[in-house]
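Peer 1: First the structure, then my questions, so here it is.
The values are calculated or read from the model by the stated rules, or taken from the named source; none is laboratory data. It should be emphasised that the depicted structure is a prediction, and the values quoted were computed from it without experimental measurement. Every residue, glycine among them, receives a Cβ derived from its backbone with ideal geometry; neighbour counts consider all protein chains shown.
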Amino acid sequence: MAMSVLSMVGLLLLKLSLNVISPRQYSLQQVLSDSQMTYERARAERIPFESLVAVDSPWPAYPAVVSENVVIGKLPGGRAVTGTVFRTRIADTDNYPIDGGSGTVTSNPAAMKVWRVQSILRYQIAERSYVKSRTLVRAQ
């Protein structure tokens, strides 16, 4: 009888410990992907506008997309988590035609150049795919 009670208590404690570990794994995965996306946003903010709209920009004009394989971190046990970052920029419709839009002097009297800079991270952990994106508006 005592063995049965001890076995039940042991199984109960094992189940409780697994319930505690699961949210920590999810939090760790979110921290890894959030840190990569924070890097992407900071990179998009600090790049000079001339470099952003250049032909060889890290964010090509939509529909072109550039992809880069990245290591976003390591899980406990040293397993690397890799992902793919897709980058593109989308012109505002009020931009002049030379800047990718269909605006006119009436719709854009200040000749503003506005771009939505988008980074999308796709990664996989334990046979599950995750996607996270960040969009930043740059104007000149």
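Peer 1: Would you please list the contacts, defined by Cβ atoms under 6 Å and residues six or more apart or on different chains, that run from a residue in region 123-140 that is among the small types (Gly, Ala, Ser) to a residue that is surrounded by 11 or more Cβ atoms within 10 Å (Cβ to Cβ) and at pLDDT 90 or above?
Peer 2: Short answer, once both residue conditions are applied: Ser133/Ile120.
Peer 1: Separate question: Among the residues of region 88-120, write down those that are touching a residue at least 60 places away in the same chain (Cβ under 8 Å) and among the hydroxyl-bearing types (Ser, Thr, Tyr).
Peer 2: Ser119
Peer 1: Out of curiosity, is Gln36 assigned to a strand (DSSP E or B) and either touching a residue at least 24 places away in the same chain (Cβ under 8 Å) or surrounded by 11 or more Cβ atoms within 10 Å (Cβ to Cβ) (or both)?
Peer 2: no
Peer 1: Can you report the number of residues in region 80-117 which are surrounded by 18 or more Cβ atoms within 10 Å (Cβ to Cβ), of a type in the set (D, E, K, R) and under 22 Å from the mean Cα position of the chain (by Cα)?
Peer 2: Summing the residues that are surrounded by 18 or more Cβ atoms within 10 Å (Cβ to Cβ), of a type in the set (D, E, K, R) and under 22 Å from the mean Cα position of the chain (by Cα) in region 80-117 gives 3.
Peer 1: Okay, moving on. Counting just the residues of region 49-79 that are within 19 Å of Val31 (Cβ to Cβ) and in contact (Cβ under 8 Å) with a residue 24 or more places away in the chain, which one comes out surrounded by the fewest Cβ atoms within 10 Å (Cβ to Cβ)?
Peer 2: In this case the residue turns out to be Pro76.
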